[in-house]
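Below: one structure, written as structure tokens.
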Amino acid sequence: MPPFLKRGDKVAVVSPSGVAEPEPVMKAMGIIEGWGLKAVGGRHLLARNGIFAGTDEERLEDLQQALDDSEVRALFCSRGGYGLSRVIDRIDFTGFLASPKWIVGFSDVTLLHLWVNTLFGIATVHGEMPAYFSDPEKSERTLSSLRNLLFGWGQEYRWNARVCNPSTATGVITGGNLSLLYSLAGTIGRPATEGRILFIEDTGEYHYSLDRMLSSLRISGMLDNLSALLAGSFTGMQDGKIPYGKEFGEIITDIAGRFGYPVYLDFPAGHDSDNMSLWLGRRASLTYTEGVAELKYL
């Protein structure tokens with residue numbers, strides 16, 4: 001676990017993936033400053049190069065500089081999109097390992113989370129990104145949970161859940177965006193999943209694509225010996241010309257439910273208005289009583 005934040009700490013905001021719009025990012029930096037932190041933006045924070053926030057070299061430069069700066073105590077990725085896959089294997093983590101800091105984001109940032117969690121055993125925060133801090137549709141606990149985790153204040157998680165094979169489970173939480181998790185198959189960033197709580201979420205996928213990604217994880221053995229599967233939001237799911245016939249929860253339990261471990265659905269995190277932050281790389285427990293699930297860190 002990197003050191004928790006305290007008032008006066010310096011944090012960096014960089015754009016390693018898609019183009020970030022100036023207004024919401026500047027507002028977010030104001031919110032971060034309101035937490036008592038000193039927020040600094042990367043040199044190419046608002047750069048544009050097609051769908052990317054600058055060239056590969058520009059995005060990598062900002063990311064590398066923030067990782068190397070021992071005074072930076074947390075690194076916020078401004079938004080997701082696409083782009084980290086193009087530079088993840090070029091990052092030098094020497095400075096980061098000498099002075100670990102919190103990495104914050106989700107979606108495309110799943111690549112960075114899993115790289116750091118898997119290769120170095122350092123925890124990160126799967127949480128909201130600055131581009132959406134001021135989105136009026138976001139729940140109050142979207143930002144409060146992020147602040148709570150970064151400052152080490154902890155967070156309670158209770159939600160109305162659907163559960164397949166209901167039972168208590170404990171394990172280190174790993175995972176993130178399913179599409180990015182799927183893309184790491186065969187790479188050194190593929191996470192170890194045995195005995196762990198695997199968290200997944202996604203958006204805008206076809207139902208058959210969700211089935212295909214989960215089936216690939218099953219075939220590769222990544223679903224074999226989980227402690228539990230924890231599914232967040234799966235928003236904007238799409239059907240083809242021939243309806244698939246099942247919603248996302250049914251697809252997930254159809255594939256993962258056969259293993260016998262608990263499959264918890266509807267956790268309030270992911271591409272949705274209610275996007276609670278999670279520590280990835282920390283041990284937690286899952287319990288279920290009369291329709292209500294609870295996650296606690298151990």
### Task
Round to the nearest 10 and report in Å² the accessible area of residue 57, as given by a 1.4 Å probe over the protein chains' heavy atoms.
110
### Summary
SASA check, residue 94, accessible area w/ 1.4 Å probe, all protein chains in place, rounded to nearest 10 Å², comes out at 90
### Query
Which order do 126, 271 take by accessible area at a 1.4 Å probe, largest first?
271, 126
## Note on the structure
The distance between the Cα centres of region 138-153 and region 164-189, in whole Å, is 22
### Query
Please state the Cα pair-distance histogram of region 1-160 with 5 angstrom bins from zero: what percent is in each bin?
2, 9, 19, 25, 22, 14, 7, 2, 0
### Query
What is the spread of the Cα atoms of region 196-298 along each of their three principal axes, largest first, in whole Å?
46, 32, 28
### Task
Starting from one equal scatterer on each C-alpha and no solvent at all, send me the Debye-based log10 I(q)/I(0) for region 148-246 at q = 0.17, 0.24 Å⁻¹, two decimals.
-0.91, -1.40
### Message
Please list, in order along region 130-143, the HN-Hα scalar couplings obtained from phi with the Karplus expression 6.51 cos²θ - 1.76 cosθ + 1.60 (θ = phi - 60°), rounded to whole Hz, x for Gly and Pro.
### Response
x, 4, 10, 4, 9, 5, x, 7, 6, 5, 4, 7, 4, 7
### Message
Tell me the volume per residue, in Å³, of the convex hull enclosing the alpha carbons of the chain.
### Response
125
#### Entry: Alpha carbon centroid spacing (whole Å) that separates region 1-52 from region 199-227
31
#### Entry: Using θ = phi - 60° and Karplus 6.51 cos²θ - 1.76 cosθ + 1.60, couplings along region 44-59 (whole Hz; Gly, Pro as x)
10, 3, 10, 5, 9, 8, x, 7, 9, 7, x, 5, 4, 5, 5, 5
## Note on the structure
Scalar couplings 3J(HN,Hα) for region 118-123 by Karplus 6.51 cos²θ - 1.76 cosθ + 1.60 (θ = phi - 60°), nearest whole Hz, x for Gly and Pro, are 6, 7, 10, x, 9, 6
### Message
Given a 1.4 angstrom probe, what's the average accessible area per residue across region 116-271, in square angstrom?
### Response
40
### With every protein chain in place, region 196-240: carbon and sulfur % of accessible area (1.4 Å)
40
## Note on the structure
Expected field for residue 237, accessible surface area in Å² at 1.4 Å probe radius, rounded to 10, holds 40
### Query
What angle do you read, to the nearest 10 degrees and between 0 and 90, between the alpha-carbon axis of helix 22-34 and the longest principal axis of the chain?
90
### Query
lysines near residue 6 by alpha-carbon distance under 24 Å, same-chain residues fewer than 8 away left out - which ones?
27, 38, 101, 296
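The values are calculated or read from the model by the stated rules, or taken from the named source; none is laboratory data. A quick note: this is a predicted structure, and the numbers were derived from the prediction, not measured. Surface areas here come from the heavy atoms of the whole protein model, side chains and all, with no ligands, DNA or RNA. Shrake-Rupley method; radii C 1.70, N 1.55, O 1.52, S 1.80 Å.
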